[in-house]
């Protein structure tokens, strides 16, 4: 199972990176491959490659502010989460994604 | 009409995107402006030399924040073609006194107008002139025209009365406002509620009111500094990880990042969140009583150079942090190894996810 994610928050200095970290930790704990692109106030970091997006089974996008270059994810399975929720409930989010993807098999 | 509904459903996201691009303008403008006033040594606008130039650099930042806010709200809705109509309309509105609200409305209106303009079918040869000529010209004419000849006046009147109300607030009302700001800023530590309070603060700064920003500067740093202090005062009540997080929180609080308190709230929300809310409210009330003012749209000790009422500012932070630390430590029992704190699971709600495929 492969997940990609993009996180972005209004001030772009804290929640952006905390949510990225939380999602990475939660996914790794379940042995799921994840790569998180951050769109903080400094700009895009850890940019997702076209290959990584293509191979992803699920895309997580935060919904507090607009995601840059969202067209990259057209046609992909997307789930939108609040950046605060991503920080506090990353485990739940990853669990639910896993359950959803498994039920579709 | 379906399109309009989709756009308006995401209004919050569009507004927040605009705010997100605007923040550096407000911070740079506010701090440089306040620095120039600070360095003149007296309470007034610098009159000559480099300081006067610095003052104008700061003012430039402030002036630009309104069109930038609108421009990027429009961008969030309808991408690049919306930026110019939104920014120009907001600038026009600001000249009429419409300020922050004018920018919000200009951004939304421009986004919607450009969204529909983009749908107009044109023969292929004409396609390239749409985003460069047709949309900017017509979009700007419609939105800025609406501002100038229609809605600008009423928005300006609304802004003026709100400003007058804020300026004329009696001390008891300011304290109530301070308490609300403190509670909101601590409640989700940088999350959506915190951001609403923050947007309100930016609005007051754009209207030349600086005491709300002073209050807010205390409110945003009390949660992390308070929790950091708590780990120092009663280390046995915290895990090794939390004690490390406490040090990081102290640092984050100093630079005004409320999120430093999040690890503690996630681990023990029922005891941490009320404590940081009460502490922030206490600190904010103290700042209101001291009459702290702040020209930068940011908080924490890092903005101390541009605060008037510095001693009151620091005392307010100390009061808020102490209240938080004492309250949370009183509520917490000593951490015993092996016993799970189950309050976390029961307190947090189930998260709803909807999958778009």
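Out of (1) more than 14 Å from every other protein chain (Cβ to nearest Cβ); (2) modelled with pLDDT under 95; (3) surrounded by fewer than 18 Cβ atoms within 10 Å (Cβ to Cβ), the odd one out for residue B:344 is which?
For residue B:344, the exception is condition (1).
Residue-by-condition table, conditions (1) surrounded by 24 or more Cβ atoms within 10 Å (Cβ to Cβ); (2) out of contact with any strand residue (DSSP E or B) (no Cβ under 8 Å at 6 or more places or on another chain); (3) without any contact (Cβ under 8 Å) to a residue 40 or more places away in the chain:
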{"position": "B:183", "(1), (2), (3)": "no, yes, no"}
{"position": "B:189", "(1), (2), (3)": "yes, yes, no"}
{"position": "B:209", "(1), (2), (3)": "no, yes, no"}
{"position": "B:214", "(1), (2), (3)": "yes, no, no"}
{"position": "B:218", "(1), (2), (3)": "yes, yes, no"}
{"position": "B:225", "(1), (2), (3)": "yes, yes, no"}
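Here is a yes/no grid of residues against (1) under 20 Å from residue B:103 (Cα atoms); (2) in the same structural domain as residue B:192 (by TED's automatic domain parsing); (3) surrounded by fewer than 18 Cβ atoms within 10 Å (Cβ to Cβ):
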residue	(1), (2), (3)
B:12	yes, no, yes
B:15	yes, no, no
B:31	no, no, no
B:39	no, no, yes
B:56	no, no, yes
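Any idea which of B:83, B:174, B:137 is crowded, with 24+ Cβ neighbours inside 10 Å and modelled with pLDDT of 90 or more? Talk me through it step by step, then tell me what you get.
On the way: B:174 fails: crowded, with 24+ Cβ neighbours inside 10 Å; B:137 fails: crowded, with 24+ Cβ neighbours inside 10 Å.
Criteria check complete, one pass: B:83.
Considering each residue of the stretch B:203-217, count those that are part of a helix (DSSP H, G or I) and within 20 Å of residue B:90 (Cβ to Cβ), and give that number. Give the steps one after another, and end with the answer.
At the first step, the residues of the stretch B:203-217 found to be part of a helix (DSSP H, G or I) are B:203-206, B:211-217.
With the extra rule that they be within 20 Å of residue B:90 (Cβ to Cβ), the set shrinks to B:203-206.
Final tally of qualifying residues: 4.
Can you give me the number of residues within the stretch A:73-87 that are facing chain B (nearest Cβ under 8 Å) and touching a residue at least 12 places away in the same chain (Cβ under 8 Å)? It would help to see each step written out before you state the result.
So the first thing to find is which residues in the stretch A:73-87 are facing chain B (nearest Cβ under 8 Å), and the list is A:77-85, A:87.
Applying the additional criterion that residues be touching a residue at least 12 places away in the same chain (Cβ under 8 Å) yields A:77-84, A:87.
Of the residues in the stretch A:73-87, 9 are facing chain B (nearest Cβ under 8 Å) and touching a residue at least 12 places away in the same chain (Cβ under 8 Å).
Is it true that residue A:37 is more than 10 Å from chain B (Cβ to nearest Cβ) and within 14 Å of the chain's Cα centre (by Cα)? Reasoning before the result, please.
On the way: more than 10 Å from chain B (Cβ to nearest Cβ): yes; within 14 Å of the chain's Cα centre (by Cα): yes.
Considered against the rule, which asks whether it is more than 10 Å from chain B (Cβ to nearest Cβ) and within 14 Å of the chain's Cα centre (by Cα), residue A:37 comes out as yes.
Name every residue in the stretch B:288-312 that is touching a helix residue (DSSP H, G or I) at 6+ places or on another chain (Cβ under 7 Å) and without any contact (Cβ under 8 Å) to a residue 24 or more places away in the chain, in order of residue number.
Answer for the stretch B:288-312, where residues must be touching a helix residue (DSSP H, G or I) at 6+ places or on another chain (Cβ under 7 Å) and without any contact (Cβ under 8 Å) to a residue 24 or more places away in the chain: B:304, B:310.
Is at least one residue of the stretch A:64-72 assigned to a helix (DSSP H, G or I) and in contact with a strand residue (DSSP E or B) (Cβ under 6 Å, 6 or more places away or on another chain)?
Taking the stretch A:64-72 and keeping what is assigned to a helix (DSSP H, G or I), we get A:70-72.
If we keep only those that are in contact with a strand residue (DSSP E or B) (Cβ under 6 Å, 6 or more places away or on another chain) as well, we get none.
No, the stretch A:64-72 contains no residue that is assigned to a helix (DSSP H, G or I) and in contact with a strand residue (DSSP E or B) (Cβ under 6 Å, 6 or more places away or on another chain).
Just to verify a result, which residue in the stretch B:287-314, among those that are over 20 Å from residue B:29 (Cα atoms) and touching a strand residue (DSSP E or B) at 6+ places or on another chain (Cβ under 7 Å), is surrounded by the most Cβ atoms within 10 Å (Cβ to Cβ)?
It comes out as B:313.
Considering only residues that are crowded, with 18+ Cβ neighbours inside 10 Å and either free of Cβ contacts under 8 Å to residues at least 24 places away in the same chain or closer than 9 Å to residue B:224 by Cβ (or both), which ones fall in the stretch B:238-254?
Here is the first cut: in the stretch B:238-254, the residues crowded, with 18+ Cβ neighbours inside 10 Å are B:238, B:242, B:245-246, B:249-250, B:252-254.
Result: B:245, B:246, B:249, B:250, B:252, B:253, B:254.
Yes or no: residue B:205 crowded, with 24+ Cβ neighbours inside 10 Å, touching a residue at least 24 places away in the same chain (Cβ under 8 Å) and not assigned by TED's automatic domain parsing to the domain that holds residue B:19?
Details: crowded, with 24+ Cβ neighbours inside 10 Å: no; touching a residue at least 24 places away in the same chain (Cβ under 8 Å): yes; not assigned by TED's automatic domain parsing to the domain that holds residue B:19: yes.
No.
Let me spell it out: the conditions are (1) without any contact (Cβ under 8 Å) to a residue 60 or more places away in the chain; (2) away from chain A (no Cβ under 14 Å); (3) assigned to a helix (DSSP H, G or I), and residue B:101 meets all of them except one. Which number is the exception?
Exception for residue B:101: condition (1).
Could you tell me whether the stretch B:155-168 includes any residue that is without any contact (Cβ under 8 Å) to a residue 24 or more places away in the chain and either buried (at least 20 other Cβ atoms within 10 Å of the Cβ) or assigned to a loop (DSSP other than H, G, I, E, B) (or both)?
Checked the stretch B:155-168: at least one residue is without any contact (Cβ under 8 Å) to a residue 24 or more places away in the chain and either buried (at least 20 other Cβ atoms within 10 Å of the Cβ) or assigned to a loop (DSSP other than H, G, I, E, B) (or both).
Quickly run through the stretch A:92-105 and pick out the residues that are more than 10 Å from chain B (Cβ to nearest Cβ) and under 13 Å from the mean Cα position of the chain (by Cα).
Within the stretch A:92-105, A:94 is the sole residue that qualifies.
Looking only at the stretch A:57-72, how many residues end up being within 12 Å of the chain's Cα centre (by Cα) and either surrounded by 19 or more Cβ atoms within 10 Å (Cβ to Cβ) or more than 8 Å from chain B (Cβ to nearest Cβ) (or both)? So that I can check it myself, show each step before the final result.
The initial filter retains those residues of the stretch A:57-72 that are within 12 Å of the chain's Cα centre (by Cα), namely A:57-63, A:67.
If we keep only those that are either surrounded by 19 or more Cβ atoms within 10 Å (Cβ to Cβ) or more than 8 Å from chain B (Cβ to nearest Cβ) (or both) too, we end up with A:57-62, A:67.
Of the residues in the stretch A:57-72, 7 are within 12 Å of the chain's Cα centre (by Cα) and either surrounded by 19 or more Cβ atoms within 10 Å (Cβ to Cβ) or more than 8 Å from chain B (Cβ to nearest Cβ) (or both).
Looking at the stretch A:18-34 only, could you name the residues that are in contact with a strand residue (DSSP E or B) (Cβ under 6 Å, 6 or more places away or on another chain) and either within 11 Å of chain B (Cβ to nearest Cβ) or at pLDDT below 90 (or both)?
Across the stretch A:18-34, the qualifying residue is only A:19.
Considering only the stretch A:15-52, state which residues are assigned to a helix (DSSP H, G or I) and surrounded by fewer than 19 Cβ atoms within 10 Å (Cβ to Cβ). Steps first, answer last, please.
Filtering the stretch A:15-52 for residues assigned to a helix (DSSP H, G or I) gives A:15-29, A:50-52.
Passing the criteria: A:17, A:21, A:24, A:25, A:28, A:29, A:50, A:51, A:52.
The values are calculated or read from the model by the stated rules, or taken from the named source; none is laboratory data. The model shown is predicted, which means the values in this text are computed figures rather than measured ones. Backbone-built Cβ (ideal geometry, glycine too); neighbour counts: all protein chains shown.
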